[in-house]
Amino acid sequence: MQNASSELAVVRVRHPLKLRLLRVSRVQPVTPHLLRIVLGGEDLADFVSASFDDHVKVLFPAPGQDRPTMPTLGPAGFVYADEAARPVMRDFTPRRFDPAARELELEFALHEAGPASDWARQAQVGHYLGIGGPRGSRVVAAGFAWHLLIGDDTALPAIARRLQELPATARAIAVLEVEDPGARIDFVTAAALQTHWCYRTGADPSADPPLLRAVRELQWPLDGDAGYAWAAGESGAIRAVRQHLLSERGIDKSRLHAAGYWKRGAQGAHEPLDD
Ligand SMILES: Cc1cc2nc3c(=O)[nH]c(=O)nc-3n(C[C@H](O)[C@H](O)[C@H](O)COP(=O)(O)OP(=O)(O)OC[C@H]3O[C@@H](n4cnc5c(N)ncnc54)[C@H](O)[C@@H]3O)c2cc1C
């Protein structure tokens with residue numbers, strides 16, 4: 001039986017690094033801005049994803065290729081026979097894994113242009129993708145008194161997965177920024193959930209990001225010691241959200257994880273913001 005302190009732990013788990021070549025088995029629009037890609041293949045036989053904010057490196061085929069050039073694994077990670085053929089790689093969240101069906105779901109937030117978003121838009125059954133990892137997981141206990149989940153479209157897969165995994169005893173508050181009301185998704189959860197949606201459409205581009213404003217406006221009946229806050233999305237916005245949570249809301253650094261999942265003007269950016 002766990003004691004009270006282990007119930008409130010964040011445990012790091014390492015997984016052996018593996019590369020897998022997978023095939024698209026379904027393409028399902030979730031909203032006009034979010035596309036679910038279901039991947040299958042025998043390579044998924046020993047796939048493990050222990051935490052809602054795990055990520056896999058997705059390896060994309062180059063234009064004209066039907067499958068990505070897969071590296072091999074060396075002691076220091078991926079090894080490429082031909083550096084020039086190094087595939088484009090981006091990070092994505094394992095939204096759902098079904099070990100019996102050997103199916104892995106990824107959800108792509110569609111944006112103006114980028115190799116990952118462009119690939120997803122044209123994806124069809126039978127297309128190939130590579131994945132590497134997850135290499136490790138941060139398993140955040142479900143026993144915290146409250147779970148504050150903050151993010152934009154790129155964090156929706158992690159937040160939806162977390163909410164789906166929380167027990168009925170949990171209390172969750174989700175603050176979410178998307179393009180417009182048509183980009184909202186329904187969450188499936190047993191937890192007591194309060195959602196706060198905010199939108200980029202109609203927002204003043206010279207003002208603070210809608211997500212930061214929504215977090216600032218949040219009524220705060222939360223006891224600072226007892227909960228866990230998690231935030232991911234555009235790096236600049238999340239950095240400001242994190243600073244607000246630490247300095248204005250008194251959240252302890254050990255009870256907060258924040259990450260830049262993308263960065264305005266940069267390609268394939270991943271910025272863990274914890275210090
Ligand atoms: C741990 C982790 C997990 C992630 N999980 C997911 C996930 O499950 N689903 C998901 O959709 N994304 C997820 N992301 C974010 C995703 O990796 C980035 O959005 C990535 O940059 C998309 O690659 P791209 O090739 O489409 O664009 P890039 O080539 O990386 O970027 C091209 C241009 O598009 C901009 N851009 C990138 N992403 C966005 C965006 N979402 N909205 C607006 N502009 C953008 C960049 O600033 C750049 O100017 C995750 C990131 C991390 C670090």
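The values are calculated or read from the model by the stated rules, or taken from the named source; none is laboratory data. Values in this document were obtained by computation on a predicted structure and should not be read as measured data. Cβ: placed from backbone, ideal geometry, glycine included. Neighbour counts: every protein chain shown. Just so you know, the surface numbers come from the protein's heavy atoms only, side chains and all, with ligands and any DNA or RNA stripped out. Shrake-Rupley method; radii C 1.70, N 1.55, O 1.52, S 1.80 Å.
Solvent-accessible area of segment 142-272 (1.4 angstrom probe, protein heavy atoms only): carbon and sulfur portion equals 47 percent.
Site pair Ala145 and Asp46 shows an inter-label distance of 4.4 nm when each label is modelled 7 Å from Cα along Cα→Cβ.
Helix content alone sets the calculated 222 nm mean residue ellipticity of the chain: runs of n ≥ 4 DSSP H residues at -39500 (n - 2.57) each, divided across all residues, give -4500 deg cm²/dmol. Across Asp66, Asp54, Asp152, mean-square fluctuation computed from a Gaussian network of the chain (C-alpha pairs under 10 Å connected) peaks at Asp66. Summing Cβ point charges (Lys, Arg +1; Asp, Glu -1) relative to the Cα centre of the chain gives a dipole of roughly 380 debye.
Which percent of the accessible area of segment 54-135 is formed by carbon and sulfur heavy atoms (probe 1.4 angstrom)?
Percent of accessible area from carbon and sulfur atoms in segment 54-135: 53.
Extension gain, Ala62 to Gln243: 0.36 nm times the residue separation minus the Cα-Cα distance gives 61.3 nm.
Need the C-alpha centroid separation for segment 196-275 versus segment 33-47, integer Å. Their Cα centres are 29 Å away from one another. Based on Cα contacts under 8 Å between residues 6+ apart, the chain shows a relative contact order of 18 percent.
Surface exposure of the chain, expressed per residue as accessible area with a 1.4 Å probe, stands at 49 Å².
Taking Cα centre as origin and charging only the Cβ of basic (Lys, Arg, +1) and acidic (Asp, Glu, -1) residues, the dipole magnitude of segment 142-272 rounds to 240 debye.
Normalised by the number of residues in segment 147-275, the average gap of Cα pairs under 8 Å and 6 or more apart makes the relative contact order 23 percent. Only helices reaching 15 angstrom along their own axis (Cα) with mean Kyte-Doolittle hydropathy no lower than -1.0 count here, and for the DSSP H runs of the chain these are 235-247.
Excluding same-chain neighbours fewer than eight residues apart, the lysines reachable from Lys263 by a Cα-Cα span under 20 Å are Lys57. For the chain, how big is the tail of P(r) above 24 Å, as a whole percent of Cα pairs? Roughly 50 percent, rounded to a whole number. Can you tally the net charge around Val140? Count Lys and Arg as +1, Asp and Glu as -1, for every other residue whose Cβ sits under 9 Å from the Cβ of Val140. Net charge in that neighbourhood comes out at +1. Among beta bridges from DSSP that stay inside segment 91-218, the antiparallel ones total about 20%. Highest average first, the peptides 230-239, 11-20, 122-131, 88-97 ordered by how many other beta carbon atoms sit within 10 Å of their residues are 230-239, 88-97, 122-131, 11-20.
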